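Comments concern the structure below.
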Amino acid sequence: MTFKKNILCIGAGYVGGPTMAMIAHKCPQYKVTVVDINPTRIAEWNSDDLPIYEPGLDEVVKAVRGKNLFFSTEIEKGIRESEIIFVSVNTPTKTFGAGAGMAADLQYWEKTARQILQNSESNKIIVEKSTLPVKTALAMERILTSTGNEVRFDVLSNPEFLAEGTAIKDLENPDRVLIGSRETPSGLKARDELVEIYANWMPKDRIITSNIWSSELSKLVSNAFLAQKISSINAISALCEKADADVTEVARAVGMDSRLGSKFLNASVGFGGSCFKKDILNLVYLCRYYGLEEVADYWHGVVGINDYQKERFVLNMMNAMFNTLAGKKICLFGFAFKADTGDTRESPAIFISKRLLEERAELVITDPKALDNAKTDLDGVVGKISYINDPYEASAGCDAIAVMTEWNLYAQLDFEKSYSSMVKPAFLFDGRNILDHKRLYEIGFNVFPIGKPPMTHF
Ligand code: NAD
Ligand code: UGA
């Protein structure tokens, strides 16, 4: 079969895999190939056991894999044969040199740019899918035009807004798709080609276009605004605990103002995930680079409150449990950074675990999807940790349960059963406010929600 277009995606991660599976699914007329330097990851994408857990992903991948969706390690061949190349390699926070701990590490990105240049014999559209500092497209263009050969490259920015756990839903029906381009005839032509791909399933009015720098910046700003909303409600949760107010009631009253909106107002143990912190720090770094110290400080505060919230959670636990955690056995319900994913990158559970171990508590960790990642994250950390699948077995013999992830299954558990097998007095710290606190209190637990008065028997 001959395909209308050959699309390549470099980087088969949380973004590359699902986004390309959706394009292949919606556009049978295009051949979509996803390549990666990691052969294990590619083998997993080609197996029955996909490398990431995402509701609905298996079905989409299995419907199109081998037909118009292919996973491969042949990066150079992929580049040669494609007309449109999405780049969705990782762009983590830099850990060394200038900007360490703040700026984006663009080494993977630059390697890809050079590899595209070396292997291109025909004109190509390069699409930035990774989240990047503003003006990265300029660097990309400079690399791609550095040899002055005949091949023409048009660089577009098309940031991804999917959230993990709902990736398939978000890709199928996103609020918007954003495409930034140079406003030159060839930039606009490239932009139209990308619009045409999304128009296979998206209404045209939700495909928005902008200049390329606005597009790059919009991605960082979207994540910063989302995270800021969480830090705002988390900051208020601390005040609620002092003022006998209930953060859920406050969030409800505030969120019903349609100018503010009710989403992203769930107070929690803190936000996690691979991007919020990284992207805000990147924004802060950019602001400082341009000398905008006040703007940088403002956004840095969002990360500061998140760190405060995680530490506050540990201190609340210690305070409630008679000011010492040493020798106490604490069961963490959930380790993933949010429900419906096995991803643990920047999960608040990592910080909480390390702090609890520092206080010499013993940990039992349970999670339906993230136990393997939890083991890797805590590898080498000093202290006693066990990993148990079954939440009843995990909490048996513990002094406390601390909910880290809002998995639906935890709200369905028989807490009478857990309570009967725990050390008394038994404590429950609900870091996600997902449980029925009154019922838990009636069972006998001493209950400590986030941003609500505690319910204790003493
Ligand atoms: P990831 O780490 O899951 O995947 C990146 C992949 O790129 C890895 O498999 C890695 O092996 C591969 N890679 C790195 N260098 C390569 C190279 N030179 N050639 C080929 N492959 C290479 O990362 P991710 O979560 O998919 O994120 C990718 C980008 O998308 C980041 O910039 C991130 O900020 C952004 N983003 C992520 C999400 C998300 O939910 N995870 C959402 C929106 C945007
Ligand atoms: C986030 C954004 O929502 C996506 O739009 C974006 O594309 C993505 O980052 C990215 O750039 O990587 P994600 O991190 O997958 O997606 O998940 P979110 O649903 O945003 O949750 C992030 C964290 O905030 C989680 O730890 C979650 O539990 C926490 N959260 C979320 C709260 O604590 N309270 C809330 O009300 C909402």
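Laboratory data are not the source of any read-out in this text; all were calculated from the coordinates shown. From a predicted model like this one, the values you see are computed outputs, not experimental measurements. Because the Cβ atoms are built from the backbone with ideal geometry, glycine has one as well, and the counts that use them run over all protein chains shown.
Here are the numbers:
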{"item": "Paramagnetic label zone (point 7 Å from Cα along Cα-to-C-beta, Ile388; backbone N under 16 Å) in segment 353-373", "result": "362-368, 371"}
{"item": "Enclosed volume per residue, in Å³, of the convex hull spanned by Cα atoms of the chain", "result": "157 Å³"}
{"item": "Ordering of 354-362, 62-70 by burial proxy (mean other Cβ atoms within 10 Å per residue, highest first)", "result": "354-362, 62-70"}
{"item": "Relative exposure of Ser82, Ser347, Ser47, judged by other C-beta atoms within 10 Å (fewest first)", "result": "Ser47, Ser82, Ser347"}
{"item": "Inter-part distance where segment 331-371 and segment 64-80 are each reduced to a Cα centre, Å", "result": "36 Å"}
{"item": "Label-point separation, Arg206 to Lys77 (7 Å along Cα→Cβ), nm", "result": "3.7 nm"}
{"item": "For segment 74-214, share of DSSP beta bridges that run antiparallel, in % to the nearest 5", "result": "10 percent"}
{"item": "Gyration tensor verdict on segment 1-125 (Cα atoms; rounded if a/c is under 1.5, prolate if a/b is larger than b/c, oblate otherwise)", "result": "oblate"}
{"item": "Within straight-line cross-link reach of Lys135, lysines at Cα separation under 29 Å, skipping those fewer than 8 residues along the same chain", "result": "Lys5, Lys77, Lys94, Lys111, Lys124, Lys189, Lys204, Lys219, Lys229, Lys277, Lys278"}
{"item": "Chymotrypsin sites (Phe, Trp or Tyr not before Pro) restricted to DSSP loop in segment 288-372 with at most 11 other C-beta within 10 Å", "result": "Tyr290, Phe322"}
{"item": "Relative contact order of segment 1-141, defined on C-alpha pairs under 8 angstrom at six or more residues apart (%)", "result": "26 percent"}
{"item": "C-alpha center-to-center spacing [segment 134-201, segment 7-49] in angstrom", "result": "17 Å"}
{"item": "Likely footprinting exposure, Phe71, Phe427, fewest C-beta neighbours within 10 Å first", "result": "Phe427, Phe71"}
{"item": "Percentage of interatomic Cα-Cα distances in segment 208-255 larger than 17 Å", "result": "50 percent"}
{"item": "When segment 282-435 is reduced to its Cα atoms, the Kirkwood hydrodynamic radius in Å", "result": "16.4 Å"}
{"item": "Gain on full stretching of the segment that runs from Ala100 to Asn123 - 0.36 nm per residue minus C-alpha separation", "result": "4.7 nm"}
{"item": "Cα-based reach from Lys354 at 16 Å (exclusive), listing aspartates and glutamates while leaving out same-chain residues under 8 positions away", "result": "Asp307, Glu311, Glu346, Glu362, Asp377, Asp379"}
{"item": "Which of Arg152, Arg191 has the fewest Cβ neighbours within 10 Å, and the rest in rising order", "result": "Arg152, Arg191"}
{"item": "Spatial separation of Cα centroids for segment 435-452 and segment 215-275, in angstrom", "result": "22 Å"}
{"item": "Theoretical ellipticity at 222 nm over the chain - DSSP helices of four or more residues, -39500 (n - 2.57) apiece, nearest 500", "result": "-13000 deg cm²/dmol"}
